[in-house]
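Asker: Quick one: the structure is below, questions incoming.
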């Protein structure tokens, strides 16, 4: 099969190049329509009960993660000139397309008792804007009397204030988000230039917008940096620009196909899929280096370009396909999850890994049979002395120091298991952004002055219509809210209780001491005022509907929380809030449920990590199955998986000792590493079994030949992959940086596992007598197995091919 395929590629190279060019142009045309995704939180299955409940919550009470906040702490804001600028900024932002509302000090409203109509009305505190400092100071005293706003818009301890912008969900989840954000930030920067007052930004819309911009920027940056690193690496190996330009051209074509395939599949670029182009460059280059190094090896042996390239395709086609299959396994396992972002990442990567294989196996032979043959200087890399010395040292360890190898492996595994015990699963809402970033520093500002900005929602269901308005139920909610106020990571809660307290204060002419729940004698008056206001649509109705559902059965307590991390959040919910819920509401028939974007984010991360653990198990099973089908030997499965298990354990140990937490971005590494590292195991094992057949089942002789011949390409591949994945260490995203560092470490460790530990296991347990080796499978792995008669026959075909090409 591979012989016929080799001849087909050489004979039809012009047609194949043209076909690839046409498809690439089409893919480039489709790639121009690729879009960024603006929703990074869809990691929980839509069928999950908590996700279903959250969707119902949003239908009843509205979005919880669509608020962008601008904060400031500067007493000069209360000077009449700066305050006028703040009003102008507020009014300007309220007119920005995509902003549905703005709440700031300049637009505060107050409840007013209308005794004549026995109802509350809503009036702006700054109904008539102050003309001088004295009027402003007087109105600010009114503001400070409204207890409802303390801890919400104005910090009672530091005096910091904020503007809260409610974003239109239609803009939040579309490509128009960035234009809206740029408009908002532009107006805010002009305010800062005029007043000298610094503004801080936070809220999920801002965080997601920032991450979107950084993902787009890093995708372009990593593609360029990876291409540069791979170009330098190729030149170091081959010392010829042809061996640099055309492999780079191959992977760039693959990148175009990758982005085009995303559009054809209806996917958008997110934090994970944005990494795929760079990963494909890193994975695709070893295909090219493997082909070129074998081409140089066969050309030096035969002196015939077409013959050498035909041998390359014929003799390493299957092993390269198997290597790509094993690599793809590290990604395809993500398709077994029902998490959209993982499924898309796995599917796009898997498809394009095989695309990279096909393109490299067409373009490299087609192009290099047109180019002049390699010079003796360009073939010098085949005899690299430092590499030869290193492989001789590995051979010494394998043949003469296996006890030391096993002892060292056991010690390293034991130490690594201790390190793994230190690994903690923790994630943050802005986890991937560096601590020194403006997003994190601004987040700290809001946590310092307002306790946080991440949404947290609590829904109380009384089980009865209008049950919320019963005084006993309101008192229980008030008791619960008093507990919530004691938590330093939570903001002051907002609910029907706080609204009723504000109403009671308004009922008693805004006297601060009456900011409380109405008693039995007051309740009917206060509620009648609210009911009349709601029925007449005076403005209270919107506020009331945001706290209570239409039946009066369920109420919402809305809070903000600091970004304390998934572990601390779980402790807060399970050990502090839930016990209080049980103590206050047990036996009342009231059901209390926590929900919101923050809760779903934490659950999503746990769900993601558990899914990735399952994916790793599936990856082991699939790699084992490939080995079993390829070698038809259970023992070979053992030889393949044990070294790679050691590699993963050592990598996990590094995570523990360097304090790298287990989170979705780092949990990805293990399946990917298993797929890539499994390539080397299969390559070495295949070469060993072939040499075992050729050398009369002499294990040590087979190991010596295997290390000297297969070891070279394995080290080249590891160096290429190591340098390629190292570029991710320059990422601003913590998860991407960890991916680069841990993958690079894994690729160094795999040289110990596959070039020292695996051969040692083969020498110890493979006696060369137990199995019948299937030579029909092994003949694809190396030209030394083929007899000269085969090459003579193919030479005649190749001479015919040459004559046709020359004519």
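Asker: Could you compute Rg(Cα) / (2.2 N^0.38 Å) for the chain, with N its residue count?
Answerer: Rounded to two decimals, the normalised Rg is 1.20.
Asker: Ranking request for peptides 216-224, 720-728: highest mean number of other beta-carbon atoms within 10 Å first, then the rest in descending order.
Answerer: My ranking of the peptides, most packed first, is 720-728, 216-224.
Asker: Follow-up. When the helix-only estimate is applied to the chain (DSSP H runs of n ≥ 4, each -39,500 (n - 2.57), divided by the residue count), what is the mean residue ellipticity at 222 nm, nearest 500 deg cm²/dmol?
Answerer: Only helices count here, giving -21500 deg cm²/dmol.
Asker: Angle, helix 471-485 long axis vs. longest principal axis of the chain, Cα atoms, 0 to 90°, nearest 10?
Answerer: Tilt of helix 471-485: around 50 degrees.
Asker: Hey, what D do you get for segment 438-595 in µm²/s if you plug the Kirkwood alpha-carbon radius into Stokes-Einstein at 4 °C and 1.567 mPa s?
Answerer: 77 µm²/s
Asker: For an R0 of 41 angstrom, estimate the FRET efficiency from the Cβ-Cβ distance between residue 190 and residue 245 and round to the nearest 0.05.
Answerer: Efficiency at R0 = 41 Å is approximately 0.25.
Asker: Could you give the length gained on full extension between residue 23 and residue 221, defined as 0.36 nm per residue of separation minus the Cα-Cα distance, in nm?
Answerer: Result for the pair: 68.7 nm of gain on full extension.
Asker: Further question on the same structure: From Cα pairs below 8 angstrom and at least 6 apart in sequence, can you work out the relative contact order of the chain, rounded to a whole percent?
Answerer: 19 percent
Asker: From the convex hull of the Cα coordinates of segment 446-520, what is the mean projected area in square nanometres?
Answerer: Average projection, Cα convex hull of segment 446-520: 6.0 nm².
Asker: Express the Stokes-Einstein translational diffusion coefficient of segment 66-202 in µm² s⁻¹, to the nearest whole number, given a Kirkwood radius over alpha-carbon pairs, 4 °C and a viscosity of 1.567 mPa s.
Answerer: D = 81 µm²/s.
Asker: Mind checking the full-extension length gain between residue 701 and residue 2? Use 0.36 nm per residue of separation minus the Cα-Cα distance, one decimal, nm.
Answerer: Separation in residues times 0.36 nm, less the Cα-Cα distance, equals 248.8 nm.
Asker: So what are the radius of gyration and Dmax for the Cα set of segment 207-248, in Å?
Answerer: When restricted to Cα atoms, segment 207-248 yields Rg and Dmax of 14.8, 46 Å.
Asker: Among 85, 131, which comes first, second and so on when ranked by fewest other beta-carbon atoms within 10 Å?
Answerer: Fewest-to-most ranking of 85, 131: 131, 85.
Asker: Could you give the length gained on full extension between residue 97 and residue 486, defined as 0.36 nm per residue of separation minus the Cα-Cα distance, in nm?
Answerer: Extra length from residue 97 to residue 486 when fully extended: 136.2 nm.
Asker: Translational D (Stokes-Einstein, µm²/s) of segment 641-748 at 20 °C and 1.002 mPa s when Rh comes from the Kirkwood sum over C-alpha pairs?
Answerer: For the chosen part, D equals 142 µm²/s.
Asker: Can you tell me what share of the DSSP beta bridges in the chain is antiparallel? A percent to the nearest 5 is fine.
Answerer: 90 percent
Asker: Among 682, 154, rank each residue by its count of other Cβ atoms within 10 Å, from fewest to most, as a rough exposure measure.
Answerer: 154, 682
Asker: Under a crude label model (7 Å from the Cα following the beta-carbon direction), how far is residue 232 from residue 396 in nanometres?
Answerer: In this crude spin-label approximation the distance works out to 3.2 nm.
Asker: Further question: Rg and Dmax of segment 1-160, using alpha carbons, in Å: what are they?
Answerer: Cα-based Rg and Dmax for segment 1-160 come out at 30.0, 98 Å.
Asker: What angle do you read, to the nearest 10 degrees and between 0 and 90, between the alpha-carbon axis of helix 49-61 and the longest principal axis of the chain?
Answerer: The angle comes out at about 40 degrees.
Asker: Can you compute the label reach from residue 63? Point 7 Å from Cα along the Cβ direction, backbone N cut-off under 15 Å, restricted to segment 154-171.
Answerer: Flagged as within label range: 164-171.
Asker: Could you tell me how many degrees, from 0 to 90 and to the nearest 10, lie between the Cα long axis of helix 133-145 and the main elongation axis, the longest principal axis, of the Cα atoms of the chain?
Answerer: Taking Cα atoms only, the helix is inclined about 80 degrees.
Asker: Taking the Cα atoms of segment 256-319, report the difference between the largest and smallest coordinate on each principal axis, in whole Å and largest first.
Answerer: Taking the Cα atoms of segment 256-319, the three principal extents are 49, 19, 18 Å.
Every number here is computed from the coordinates shown, using simple stated rules; none is lab data. Keep in mind that what you see is a predicted model, and the values were worked out from it rather than measured. When we count neighbours, we look across all protein chains shown, and the Cβ atoms used for this are built from the backbone with ideal geometry, even at glycine.
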